[in-house]
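Take a look at the structure set out below.
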Amino acid sequence: MKIRFTPEQEAFRAGCASWLQQQMEGPFADIRGIMSQTFRADRRLEWERVLGQARWSVIGWPEKYGGRDASLAEQVIFAEEYARSGAPGRVGHLGTELAGPTILHFGNDLQRERFLRPIAKGEEFWCQGYSEPNAGSDLSNVRTRARLEHGPNGPEWVIDGQKIWTSLAQFADWCFVVCRTEEGTKGPAGISYLLVPMKQKGVTVKPIRQITGDAEFNEVFFDGARTKAEYCVGNPGEGWKVAMGTLAFERGVSTLAQQMTFRNELERIVEAAKSNGAASDPLIRQRMAEAWVGLRIMRYSALRMLSRATTGSLGGEALTYKLHWASWRKKLGELAMDVAGAPGELCVGEGYELADLPYLYLFSRADTIYGGTNQIQRNIVAERALGLPKEARGDR
Amino acid sequence: MKIRFTPEQEAFRAGCASWLQQQMEGPFADIRGIMSQTFRADRRLEWERVLGQARWSVIGWPEKYGGRDASLAEQVIFAEEYARSGAPGRVGHLGTELAGPTILHFGNDLQRERFLRPIAKGEEFWCQGYSEPNAGSDLSNVRTRARLEHGPNGPEWVIDGQKIWTSLAQFADWCFVVCRTEEGTKGPAGISYLLVPMKQKGVTVKPIRQITGDAEFNEVFFDGARTKAEYCVGNPGEGWKVAMGTLAFERGVSTLAQQMTFRNELERIVEAAKSNGAASDPLIRQRMAEAWVGLRIMRYSALRMLSRATTGSLGGEALTYKLHWASWRKKLGELAMDVAGAPGELCVGEGYELADLPYLYLFSRADTIYGGTNQIQRNIVAERALGLPKEARGDR
Amino acid sequence: MQFSFTDDQNMIRDTAREFMSERCGSQQLRHDLESAENFDPSLWQTITRELGWAGLSLPEAVGGSGLGMVELAIILEEQGRCLYGGPLLASIGLASAILLECPAAEARDALLARLASGEATAALAITGDRGLAGLDAIGVTLYEDEGGLRLDGVASFVLNGHVADVFVVAAKDQRAGHSGYAVVAVDTTAGGLRVEKKLAMDTTRPYARLTFESVRDVVLLAADVDGRTIERGVQVAQVAVAAEQLGAMQAVLDLTTSYVSQRVQFGRVIGSFQAIKHRLADMMVICEAARSAVYYAACVVDEYRADPVTHAQELAEAAALVKVHCSAGFHDVAGNAIQLHGGIGFTWEYDAQLFFKRARATYNLLGAPMVHREHIARLMGLDDDKEVA
Amino acid sequence: MQFSFTDDQNMIRDTAREFMSERCGSQQLRHDLESAENFDPSLWQTITRELGWAGLSLPEAVGGSGLGMVELAIILEEQGRCLYGGPLLASIGLASAILLECPAAEARDALLARLASGEATAALAITGDRGLAGLDAIGVTLYEDEGGLRLDGVASFVLNGHVADVFVVAAKDQRAGHSGYAVVAVDTTAGGLRVEKKLAMDTTRPYARLTFESVRDVVLLAADVDGRTIERGVQVAQVAVAAEQLGAMQAVLDLTTSYVSQRVQFGRVIGSFQAIKHRLADMMVICEAARSAVYYAACVVDEYRADPVTHAQELAEAAALVKVHCSAGFHDVAGNAIQLHGGIGFTWEYDAQLFFKRARATYNLLGAPMVHREHIARLMGLDDDKEVA
């Protein structure tokens, strides 16, 4: 058990830190520190192409797909330095962190050849087609359907249905879609995992305006949308396993990047508290300390997860992780708002535009909902980690 | 809507306050302010006889059964003054507050004649035979059985089974026992409500030592215990309704007396905090205020319940009351312990004897369990008050 | 002692419930949010002229119905249910509460009469740019010079200030020979006064920020006012805010109960899951406690007005208590409502977020819970000298 | 960076788990509670002589195995699982942590050697009658006069003090020409020393209260000790306490999981109710977080010992963090365990209450969470000057 990095690794850290700093103080200073997921998207897409060209986009991937074969420790280091530099959240993260790893792990050579390099280079962006209006937390209840058709372009999947809470769909070139391809099946059986181009007539993206006034999330309508037969990851009808595999990647190195974002948020709250005097309030101080404790522990848990992952076994820490961070961040949002006080309630721009702290307060209400509500997460922990009886379904 | 008492009622208050003060500063000064339910029981039984002789025991009851036909307002006033005087918790409260009202309401004249006056006079004490080892929160699952036998003493119920968490059974002359009298029935049907003498060969009481080191609760074993056929309240097999009726009486005027006890506890915590400096800790101050707010609101809710009860309709406040006070008092216990600090951890006597604040801390852990756990209470509120679907049972 | 509504009060409640739910439902609310006023002025006419709600709790001497705080609380509760953005809370709940603490005087009574009839609405200016509670937060000062009375300073977080006809301003009285505070009325159109509408996180109700630069057009309603007089007016206003919070938290509980009774996931109505049921039960505990607290506090206000000397301490306690519980409770209930709705709960189109934002806005209004808890700690005697053992 | 056990560490853990569960199960614990020592001295012999756990983490120079804090944490975690009352935590986790901060010296090393071999056990005397944390709470003073060294004062809450052979005392150094603190060793049998066993709420582990009245039989282990040196020793000790808390909280979670998987109510295993499941899930979140925190902090201790100057700040942070989380977390988990057990959970015969009481005892030991959070707030820089904007 060792928590230090080697001198070589520290040298690697210095290298990427300096490159990132150059970028963020130089050509991309205008997008440094952006918190909203949608703000200045054009410039951020440019940034991600630069990142890809410099091969800093997916360093853990094999070299031949645009990565650096970086070790786990190096990935951890890069993620930390990325966030420390103030570089903005990645518009491409659904490709680099979910679609890419899924294709790498579950896809075939044809799919790897076709999809991985454009992701790595920031040339193609992805979104995730999981949730549906009537299956918010219940993925196995998907109703989006696809059927194989043999048309003039060869065999193709034709997809009909609706997805919801699809983040960044407005920027995406591709979507990985969980859908039912076998008539009459229910639950996990008969589901396939398709890679579907977004820029086609059969796909409509409709932003969902949310509590913050922003629209990170979208509805995506598939109305006779098409994709090649060969763009099915895993065997047709066996997509459930792939879909679950994708979710497991959510607990990868990217959690560390997420934490650095959280760290930046906490720092911003600390600064605000110091400048408006809230920092001397004993109650605020206790909550600040509690937030700091939770954040640190998240980091330790992530390192545990990652270390365990290299030895092949994921433990309870992986199952509890989402519940931990989501609950933590909701509390952070409340702390932010209490520090901001009444002045934080006033809009800062012309329309419904809020300052960072109140924005965080509102946005964090979604953290305990998307990606599996806290209630679902508790079921998962109780059933998978503690072995308690499964919830009874009403329909099977 | 009016919260003041009339001048006549205030005069009544002065009258009972002065009598109580005389007693508590005079002949019963030795038992003033006792918090434990079992401590100095002999003297407290004496005190309750004096209370009964002076007709202050059950003032809301009809005069002919030893009461004063007191109005609701007068009962409220007496309950408040009783606790304010420092008079100890009533060993007889299961008789005066549960058995008595149940017999008054659901019993027949014979039962009223036999049982009410001895309760009022402090001559006979009662305990409650509800919970069983395998039916902690699930009263309808009782396994204690009784059958009618025609012996030399006329028809008698013969009772076999076991009750648990029976408080004050060691002092009780009688027990109201919920038991199954019809073979082969399940759930609420086939249950009867019997009044059973405790001082007989077929009844064994075994104290349960609890977290505090004390033993308020007991196991009660019925092994061929007997009672007269006529001591069944309501019709045989229809005792469920009576048993539920008894529970409703728990939300009566006695809640106000309970609150005065809580008030005394909070005051003791305030005093301790003032003397050891905790009162100047901003965090403790917030929690003190929160405790005070919760306590006051409990009083207002009790007055609402009582006022509504006179108009015949119980509202949501009645269903939420147990959950409110139990959660409140558990927090009060934690506050008490935090105020006491490390010194509160040390025993004060020879054996396992704790000071008041740590005792409260430990005892209050039971509040969210007995009389229906918080989990059960939340079911009740959700199902009965909010109309949400009932919990599925596994066995019917 | 009879702590339940009288028949008359039940009737007022029923009328208000019916009127508000018919005329101020969710669709009307969405419509109002697009308007400049944030409410429908013609509906407000109906409320004041036909229903007489503005004058309901004001003294008969100023043309009111002479009923009390309990009746006002009933109306505010029902308006809170609909997140109504009209000026009843601001004009009657807040501004009039301060006016009623000032000694009766011609100017004051004339203003109250205008408010009672609904001819005008007032807004209360009592806090500065930090939006804090208490006398220290007052940011406007009254001077007197050769030109007569003069107001200077800033007041912010003025509820419904963007549409008020008159501002009731609590100002520090710095005139020679005077001390304490002055309560003055300033017309919206007064020279030297700048009124900025401030959009807020809570879209149902914007604020105004007022800048006073040598404002001369000032009506002095009360001079040499004791700080405690202002505080008591604010305490009464806290009860009004809490009544509105009560209605809103009950409404969002109802909304959530109804949603979870219909929404199906995993083949079951989600209201059958204990995780959902139990949280709703906890929400109900909070609401019921709020109901007890609000109406008790409203009774205390009425007792206090009948006999201020005897009941001043009780008013201070009840006002702090009710603001603490309802602010924290409403925030908690509305936050849970979002959670139990899942994804739809944090969309702009669905009402849950409106309740949540209203909860936050009223959380800070007239003092956040932390502030009032500290106040309670003092009232509990935590700073008193230790008693002799 | 490899934040998981090595094979050797896994082996130590397996051995400890097996030994403790076989020899220190619930029945043995109940038996121990009736004894004067609160643990079985012959078992302690086995632990020290055969298993070598006392010396495991002590330097080879004093006869230890030279392993680190991670290994000690592993053992303490396993002992915590069984609520073991023996002296490992007191003698090695607490007393030795202070000794190891003192400069190497003959007397110190001789004492450490006795502790490593298990020939003697030590207890740490560092707080007064209020049981507070920090240097201000030290209640014993070292003087020097014609009769030589002299100790006066009171130390309380001395863990395992009722059975220790030696007290390691942190004393204010008031001798002429000296300053700061002194660390001294005092034999249990020293003249002028009174040792009172104090029964505590936590029946698994009593305390001792020590009264020093001109105690002369004093071995000076370190003089002119800087306050920060003492504090760092205490910080290391906090990690030891937290490791024990981790084991105990995991055990009471396991106990509860197993209970709810068997207990039937309403015709169902109660572990199938979401109210139960979800609370257990929350308990597991706390336990897993505690596990991450404890082993990270243990690694920090080892880093700190390898290079104290570089890692002192990190030690302070990790020690405060781990004590905050594990104290609050264990209390929460054990409290919930009682609740989920229902009636049986608060009976004397069942173990849930023992865990709860141990949680409370360790909550205050070396500082309650509130104290350490305030400490963290300072470490976070909340009091630093505002940066220039």
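The values are calculated or read from the model by the stated rules, or taken from the named source; none is laboratory data. Since we're looking at a predicted model, the values are computed, not measured. No Cβ is skipped: glycine too gets one built from the backbone with ideal geometry, and neighbour counts run over all protein chains shown.
Some observations on this one:
- Screening the range A:381-396 for residues that are crowded, with 16+ Cβ neighbours inside 10 Å, of a type outside the set (Gly, Ala, Ser) and more than 10 Å from chain C (Cβ to nearest Cβ) and picking the one that is farthest from A:Ser140 (Cα to Cα) gives A:Leu386.
- Residue check for B:Ile59: within 19 Å of the chain's Cα centre (by Cα), within 18 Å of B:Gly122 (Cβ to Cβ) and surrounded by 14 or more Cβ atoms within 10 Å (Cβ to Cβ): yes
- When each of C:Ala293, C:Ala275, C:Ala281, C:Ala289 is tested for being part of a helix (DSSP H, G or I) and either within 14 Å of chain A (Cβ to nearest Cβ) or in contact (Cβ under 8 Å) with a residue 60 or more places away in the chain (or both), the lone residue that passes is C:Ala275.
- Residue within the range C:67-74 that is at negative phi, over 21 Å from the mean Cα position of the chain (by Cα) and in a helix (DSSP H, G or I) present: no
- Filtered by the rule that a residue be out of contact with any strand residue (DSSP E or B) (no Cβ under 9 Å at 6 or more places or on another chain) and of a type in the set (Phe, Trp, Tyr), the range D:317-350 gives D:Phe330, D:Tyr350.
Conditions (1) in contact with a strand residue (DSSP E or B) (Cβ under 6 Å, 6 or more places away or on another chain); (2) surrounded by 24 or more Cβ atoms within 10 Å (Cβ to Cβ); (3) β-branched (Val, Ile, Thr), marked per residue:
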residue: B:His150; (1), (2), (3): no, no, no
residue: B:Val158; (1), (2), (3): yes, no, yes
residue: B:Gln170; (1), (2), (3): yes, no, no
residue: B:Asp173; (1), (2), (3): no, no, no
residue: B:Thr181; (1), (2), (3): yes, no, yes
residue: B:Thr185; (1), (2), (3): no, no, yes
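- Of the residues making up the range C:115-140, those that are over 13 Å from C:Val168 (Cα atoms) and either part of a strand (DSSP E or B) or away from chain A (no Cβ under 14 Å) (or both) are C:Ala116, C:Ser117, C:Gly118, C:Glu119, C:Leu135.
- Filtering the range D:371-382 for residues that are more than 9 Å from every other protein chain (Cβ to nearest Cβ) and either without any contact (Cβ under 8 Å) to a residue 40 or more places away in the chain or in a helix (DSSP H, G or I) (or both) leaves a non-empty set.
- Filtering the range A:285-340 to residues that are of a type in the set (Val, Ile, Thr) and surrounded by fewer than 21 Cβ atoms within 10 Å (Cβ to Cβ) leaves A:Thr310, A:Thr311.
- Residues that are outside any loop (DSSP other than H, G, I, E, B) and either over 17 Å from A:Val203 (Cβ atoms) or away from chain C (no Cβ under 14 Å) (or both) within the range A:131-151 comprise A:Ala135, A:Leu139, A:Ser140, A:Asn141, A:Arg145, A:Ala146, A:Arg147, A:Leu148, A:Glu149, A:His150, A:Gly151, listed in sequence order.
- Condition broken by A:Asp356, with the remaining ones in (1) in contact (Cβ under 8 Å) with a residue 40 or more places away in the chain; (2) within 12 Å of chain C (Cβ to nearest Cβ) satisfied: (2)
- Helices (runs of 4 or more DSSP H) lying entirely in the range D:1-58 (those with 1 or more residues that are within 14 Å of chain A (Cβ to nearest Cβ)): D:7-23
- Residues of the range A:97-112 satisfying the condition of being part of a helix (DSSP H, G or I) and in contact (Cβ under 8 Å) with a residue 60 or more places away in the chain: A:Glu97, A:Leu98, A:Ala99, A:Pro101, A:Thr102, A:Ile103, A:His105, A:Phe106, A:Leu110, A:Gln111
- Condition broken by D:Arg360, with the remaining ones in (1) facing another protein chain (nearest Cβ under 8 Å); (2) assigned to a helix (DSSP H, G or I); (3) free of Cβ contacts under 8 Å to residues at least 24 places away in the same chain satisfied: (3)
- Residue ID - nearest to A:Met198 (Cα to Cα), chosen from residues in the range A:154-187 that are in a loop (DSSP other than H, G, I, E, B) and touching a residue at least 60 places away in the same chain (Cβ under 8 Å): A:Ala172
- Search result, residues across the range A:5-40 that are surrounded by 18 or more Cβ atoms within 10 Å (Cβ to Cβ) and either within 27 Å of A:Cys127 (Cβ to Cβ) or of a type outside the set (Lys, Arg) (or both): A:Phe12, A:Cys16, A:Leu20, A:Gln23, A:Met24, A:Phe28, A:Ile31, A:Gln37
- Residues satisfying the stated conditions in the range C:305-347, i.e. among the basic types (Lys, Arg) and crowded, with 21+ Cβ neighbours inside 10 Å: C:Lys323
- Residues of the range B:1-56 that turn out to be within 14 Å of another protein chain (Cβ to nearest Cβ), β-branched (Val, Ile, Thr) and assigned to a helix (DSSP H, G or I), as a count: 0
- So D:Leu111, is it at pLDDT 95 or above, within 18 Å of D:Ala95 (Cβ to Cβ), outside any loop (DSSP other than H, G, I, E, B) and in the same structural domain as D:Gly63 (by TED's automatic domain parsing): yes
- Test: residue in the range A:234-249 that is within 12 Å of another protein chain (Cβ to nearest Cβ) and either within 27 Å of C:Gly343 (Cβ to Cβ) or buried (at least 23 other Cβ atoms within 10 Å of the Cβ) (or both): no
- Single residue of the range A:289-317 satisfying the filter (farther than 27 Å from A:Glu74 by Cβ and in contact (Cβ under 8 Å) with a residue 12 or more places away in the chain) that is nearest to the other protein chains (Cβ to nearest Cβ): A:Glu290
- Residue identified as under 28 Å from D:Ala297 (Cβ atoms) and surrounded by fewer than 18 Cβ atoms within 10 Å (Cβ to Cβ) among D:Asp226, D:Asp187, D:Asp217, D:Asp202: D:Asp226
- Taking the range B:32-66 as the range and being at pLDDT below 90 and in contact with a Phe, Trp or Tyr (Cβ under 8 Å, 6 or more places away or on another chain) as the test, the residues that pass are B:Met35, B:Ser36, B:Ala41.
- Given (1) within 13 Å of chain D (Cβ to nearest Cβ); (2) in contact (Cβ under 8 Å) with a residue 40 or more places away in the chain; (3) polar (S, T, N, Q), index of the condition B:Gln286 fails: (2)
- Test for A:Leu323: is it within 24 Å of D:Ile276 (Cβ to Cβ), more than 10 Å from chain C (Cβ to nearest Cβ) and touching a helix residue (DSSP H, G or I) at 6+ places or on another chain (Cβ under 9 Å): yes
- Which listed residue, of C:Asp307, C:Asp332, is within 14 Å of chain A (Cβ to nearest Cβ), within 30 Å of C:Gly381 (Cβ to Cβ) and of a type in the set (D, E, K, R): C:Asp332
- Test set (1) touching a His at 6+ places or on another chain (Cβ under 6 Å); (2) at the interface with another protein chain (Cβ under 7 Å from one of its Cβ atoms) - D:Lys323 fails condition number: (2)
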